[in-house]
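So the structure is just underneath, and the comments pick up after that.
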There are 2 protein chains.
Amino acid sequence: MEQSPLHDILNPKSIAFMGGSNSIENVGTSQLLNIVRGGFKGKVYPVHPREKEIMGLKAYPRIVELPEVADVAIMVIPNHAVPQALEDCGKKGIKRAVIITAGYEEMGAEGHRLQQHLLEIAKKHDIRFLGPNCIGVINAHIALNTTWFAHLYKPGGVGIISQSGSYVTQTLPYFGHLGLGLSKAISVGNQADIDMVDGLEYLGQDAQTKAIALYIEGLKRPRSFLQTARNITPRKPIVALYVGGTEAGRRAAQSHTGSISGPDELYEGLFRQCGILRARSLTELFDWSLALAQQPLPNGNRMVVLTNSGGPATSMADECSRHGLAVPPFDSQTQERIRGMTPDTASAKNPIDITMNYDLDLIFNRLPELTLSLKDFDGMLFYGIFGPIHFEHKKTMAHGLIHIPIDFLRDWMTKVCQTFVTYPERYRKPILCSCFCGREDEAVAFLQDAGIPVYPTPGRAVRAMAALWKYQKIRKGND
Amino acid sequence: MEQSPLHDILNPKSIAFMGGSNSIENVGTSQLLNIVRGGFKGKVYPVHPREKEIMGLKAYPRIVELPEVADVAIMVIPNHAVPQALEDCGKKGIKRAVIITAGYEEMGAEGHRLQQHLLEIAKKHDIRFLGPNCIGVINAHIALNTTWFAHLYKPGGVGIISQSGSYVTQTLPYFGHLGLGLSKAISVGNQADIDMVDGLEYLGQDAQTKAIALYIEGLKRPRSFLQTARNITPRKPIVALYVGGTEAGRRAAQSHTGSISGPDELYEGLFRQCGILRARSLTELFDWSLALAQQPLPNGNRMVVLTNSGGPATSMADECSRHGLAVPPFDSQTQERIRGMTPDTASAKNPIDITMNYDLDLIFNRLPELTLSLKDFDGMLFYGIFGPIHFEHKKTMAHGLIHIPIDFLRDWMTKVCQTFVTYPERYRKPILCSCFCGREDEAVAFLQDAGIPVYPTPGRAVRAMAALWKYQKIRKGND
């Protein structure tokens, strides 16, 4: 199989960067800074018509003067300068480019002509390029980030292909909050040359990518997309958000990436044929991808709901019923055993609600071990994380008035969580959690970093679990 | 009109507190700490059989020995001790109680009997009480918080009545993240005496409550609920989440609050008759309440979508179409004016996408002033907040390599935001924003604190706007 043109773009040993300067006022400077100072270990050659040195690196006036043939050229330059830059790449022998510059297909007829011109030059020199009108790529596993947002993400298993640069740039802090780890992110922009199908082929093969998230305004090659996606979904999940299916969405998509969108039903049918999970919002797109990338699939739809609180217990049970998951009562023997372990006011049927108390061994270890080992249950929805931050707040408030043993509580929480995070692998069943605190709570951060998704509401955890089950059915060919 | 029994519970001048001690191991201690150190200005009388002093306050062995008749007694004591405590309240002349203790109706037949016994004692002494099996109340405007979570909230316009204590306790950090300000929060628990209808009557009259959020597992008095809600919704919005309408939800609700739930369609019809907006998730419940409490209603469904990014622009346009909002193109004259103000690569039709640049005057002031003054448009969805935190990240990364004028950017952002937040009132049109950064971004915090909701995703802003429009139609009697 031919190597994907994305391979060198995502794994360059050397980058020629056109458009960065020593002034932050250029967008390109932020992007170059991310490459130079973001942990990327390859060589970086700034190209600039006047500057001799940029960010401490020797700058070259033209690409043809670089001391080596860079693996990729990244361009954040005015669009009238792009054709010559591409020609220069050709002369130098550079075969891959990322054209971040906008002002092409999305601008109507004149933009279309300009974009065609780029394609001709690229073809002449056998160059494959990403963009134009994109934000480039992230390869989290080699700390390469060509976007202009700082590195508020961690390496992980979610690969993203997006027609919106913002959804792989401005979303980085959002991924950070969610504890979502990225493998690769590819902003395809106008898809003049390399398109979403190329992206899918690449991420389909990429070992670090465990789940693929797509943001689609309009596909250029629906038939190839169908074939490619079909080959991937039996072994790797794909979640897609399509926004071109309404009148306003279609019009906005055309202004944004020059995309020709199709009717919603057409994409609905396409996704179904490919075995792609269709997300209805960005929230779902990222929530589901996170769970799919990190958790084992449930073998059935029967969930244990374990909480220390009746509201989340009831909400999750209700939400399960609405999304194809079951919360069957435990058999009487199991209920008996649960009652033996829990306070009098607890509920032992399923959901289990241990009610407000701070028996961390019980909720994090003893009850999960009991219920996850039941062969009639396929996964667990968990609500009941209250890490040290709550006691820190209390301590601040108490200001010496009463004693609060923070260190004891922290150690205890760490200990029970260390065991808890081993359960998905040990029992081969998914666990999804939720907590109204974010990563400011150490326990939330610990669980997320150990691979257990913790969502901001109980309902989002349930819907992500429903996506796991839906994908399992797709994989088994029952959906 | 008779004064609501909730008046004294939410606005006590003095509180008798039973169940707190000097040890944090008692749940009651956390709750007492919140009252004592949370900013509440009234008197607090700890009642304890043995302790002479709790948190520096004189403790009394029994309620009958208090130096005055407290406005309310709060009980976090074992349930065998509650009847005597209620009798003591009666003897002392205390007419209001909050019974946090659990182990009643939710526990089946024996619990039912115990709960009936409390009702009898209360009736005998003319006591009205909240609970049992609740978490009490918050009155943010007098810094009264009887729950056991610290004060991670601010005073504001959202009033909550919840059958789940967790949704007015554990959600406090979530409200904090969302910038949601509380007026009052009432955890009704088992609703043995004071119930959701009483809560509605109270919040319907409460001037500080601008929107009411309900979490319902099952109503005790559906007919009174209907009448009460009907009287409120023409002047104050109500949003409800009902979770008792599925088999699993019903079963969990009964274990949680002893609620008898009804079929989903019944509640659906009830909400429709009352003019209540039905939320399908906690996310919607709080998102919508926030917007309804803080923003003017749109007079129509025609939205300006203003962004600096094509992905959010397209997503929002698509989401508007799917939720009853329109994003009509501007007339050609307006488009001309917008093109005159924006970069060449911008889109001027609606959505407006100024594309990536940092002209804060343009996106925060000049374009909103132009488009909000158009009489054919009814509200604005805004995406484009990038506050100082991004540049702080860059500065940290650059570490002196290039100059980043943080102070200049911060001052500029503050200036444009100060004007921006005056627009909803000036134009009498709602503005809802979204940003993938949370309150760690000063600009997000500034806007939220000035009353403009900023949601974590573009789609959530759109769906909240759709709720504003839906409520406007309800108010006008067209829905």
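Read-outs: derived from the displayed coordinates by stated rules, not from any lab. Remember, it's a predicted structure, so these values are computed and weren't measured experimentally. Don't worry about glycine lacking a Cβ; one is built from the backbone with ideal geometry, like all the others, and counts go over all protein chains shown.
If I take the Cα coordinates of the protein assembly as shown and project them onto the principal axes, what are the three extents in Å, biggest first?
Sorted largest first, the three principal extents are 97, 60, 52 Å.
What 222 nm value per residue comes from the helices of chain A, counting each DSSP H run with n ≥ 4 as -39,500 (n - 2.57) and dividing by all residues, nearest 500 deg cm²/dmol? Could you put the intermediate results ahead of the total?
Working: 18 runs with 195 residues, N = 479.
Mean residue ellipticity at 222 nm (helix-derived): -12500 deg cm²/dmol.
Along Cα-to-Cβ, 7 Å out, sits the label point; list in nm, shortest first, how far the one on A:Phe408 is from those in the other copies.
5.6
I want to check the label-to-label distance for A:Lys154 and A:His80. Put each point 7 Å from Cα in the C-beta direction and report it in nm to one decimal.
Going by the 7 Å Cα→Cβ label model, 4.8 nm.
Using alpha-carbon pairs under 8 Å, 6+ residues apart, how would you state the relative contact order of region B:72-207 in percent?
On the way: 271 pairs, mean separation 30.9, N = 136.
With pairs under 8 Å counted, the relative contact order is 23 percent.
In cubic angstrom, how much convex hull volume per residue do the alpha carbon atoms of region A:310-446 span? Walk me through the intermediate numbers first.
Working: hull volume 16.5 nm³, N = 137.
Expressed per residue, the convex hull around the Cα atoms of region A:310-446 is 120 Å³.
Which of the peptides A:156-162, A:447-453 is most tightly packed, and how do the rest follow, going by the mean number of other Cβ atoms within 10 Å of each residue? Please list the in-between numbers first.
On the way: A:156-162: 26.9, A:447-453: 20.9.
Result, highest mean Cβ count within 10 Å first: A:156-162, A:447-453.
For region A:136-294, just list the percent of Cα-Cα distances falling in each 5 Å bin from zero outward, please.
Over region A:136-294, the share of Cα pairs per 5 Å bin runs 2, 10, 20, 25, 22, 14, 7, 1, 0 percent.
What does the structure give for A:249-262 when I average, per residue, the other chain Cβ atoms found within 10 Å of the residue Cβ?
Numbers: counts 11, 4, 11, 19, 7, 3, 12, 13, 3, 0, 1, 0, 2, 0.
Whole-number average of other-chain Cβ neighbours for A:249-262 is 6.
Between region A:295-361 and region B:129-178, what is the C-alpha centre distance in whole Å?
Using only Cα atoms, the two centres lie 25 Å from each other.
Return a whole-number percent for the relative contact order of region A:303-476, with Cα pairs under 8 Å and 6 or more residues apart as the contact set.
Details: 258 pairs, mean separation 43.5, N = 174.
Computed over region A:303-476, the figure is 25 percent.
Could you work out how far the C-alpha centroid of region B:18-62 sits from that of region A:436-464, in angstrom?
Using only Cα atoms, the two centres lie 33 Å from each other.
What FRET efficiency do you get for A:Asp361 and A:Asn299 if R0 is 35 Å and r is their Cβ-Cβ distance, rounded to the nearest 0.05? Write down the numbers at each step before the final one.
Working: r = 28 Å, r/R0 = 0.79.
Plugging the Cβ-Cβ distance into 1/(1 + (r/R0)^6) gives 0.80.
Which distances, in nm and shortest first, link the B:Lys58 label point to the same label point in every other copy, taking 7 Å along Cα→Cβ?
Copy-to-copy label distances for B:Lys58: 8.5 nm.
For chain B, what is the relative contact order in percent, using Cα pairs closer than 8 Å and at least 6 residues apart in sequence? Write out the running numbers ahead of the final one.
Numbers: 1027 pairs, mean separation 53.3, N = 479.
Reported as a whole number, the value is 11 percent.
Shape call for region B:433-479 from the C-alpha gyration tensor, a ≥ b ≥ c root eigenvalues: rounded (a/c under 1.5), prolate (a/b greater than b/c) or oblate? Walk me through the numbers on the way to the answer.
Details: a/c = 6.40, a/b = 2.36, b/c = 2.71.
Note, shape of region B:433-479 comes out oblate.
Would you mind giving the mean number of other chain beta-carbons within 10 Å of the Cβ of each residue in A:354-362, as a whole number? If you can, show how the numbers build up before the last one.
On the way: counts 0, 6, 10, 2, 3, 0, 0, 0, 0.
Mean partner-chain Cβ count within 10 Å for A:354-362: 2.
Going by a ≥ b ≥ c, the root eigenvalues of the Cα gyration tensor, does region A:410-463 fall in the rounded group (a/c under 1.5), the prolate group (a/b larger than b/c) or the oblate group? Walk me through the numbers on the way to the answer.
Numbers: a/c = 2.35, a/b = 1.05, b/c = 2.25.
The shape class here is oblate.
Mind checking which aspartates and glutamates have their Cα closer than 16 Å to the Cα of A:Lys375? Skip sequence neighbours fewer than 8 apart in that chain.
Filter leaves A:Asp331, A:Glu425.
Mind checking B:148-156 for the average number of partner chain beta-carbons within 10 Å of each residue's beta-carbon? The partial results should precede the final answer.
On the way: counts 4, 6, 9, 2, 6, 0, 0, 0, 0.
Across B:148-156, the average partner-chain Cβ count within 10 Å equals 3.
So the label point sits 7 Å from Cα along the Cα-to-Cβ vector; using that for B:Ser224, what distances do you get to the other copies, in nanometres, sorted shortest first?
Spelled out, the distances from B:Ser224's label point are 6.8 nm.
Please compare each pair in A:Lys236/A:Lys415; B:Lys58/B:Lys210; A:Lys52/A:Lys154; A:Lys58/A:Lys95; B:Lys13/B:Lys470; B:Lys52/B:Lys184 to a cut-off of 28 Å on the Cα-Cα distance and tell me which ones are over it.
On the way: A:Lys236/A:Lys415 33 Å; B:Lys58/B:Lys210 39 Å; A:Lys52/A:Lys154 34 Å; A:Lys58/A:Lys95 22 Å; B:Lys13/B:Lys470 40 Å; B:Lys52/B:Lys184 33 Å.
In this structure, A:Lys236/A:Lys415; B:Lys58/B:Lys210; A:Lys52/A:Lys154; B:Lys13/B:Lys470; B:Lys52/B:Lys184 exceed 28 Å between Cα atoms.
At 7 Å along Cα-to-Cβ for each site, give me the label-to-label distance between A:Gln227 and A:Val64 in nm.
Output for this residue pair reads 4.0 nm.
Give me the Debye-computed log₁₀ of I(q)/I(0) at q = 0.07, 0.08 Å⁻¹ for chain B, equal point scatterers on Cα only, no solvent, two decimals.
Here the Debye-derived log intensity ratios amount to -0.43, -0.55.
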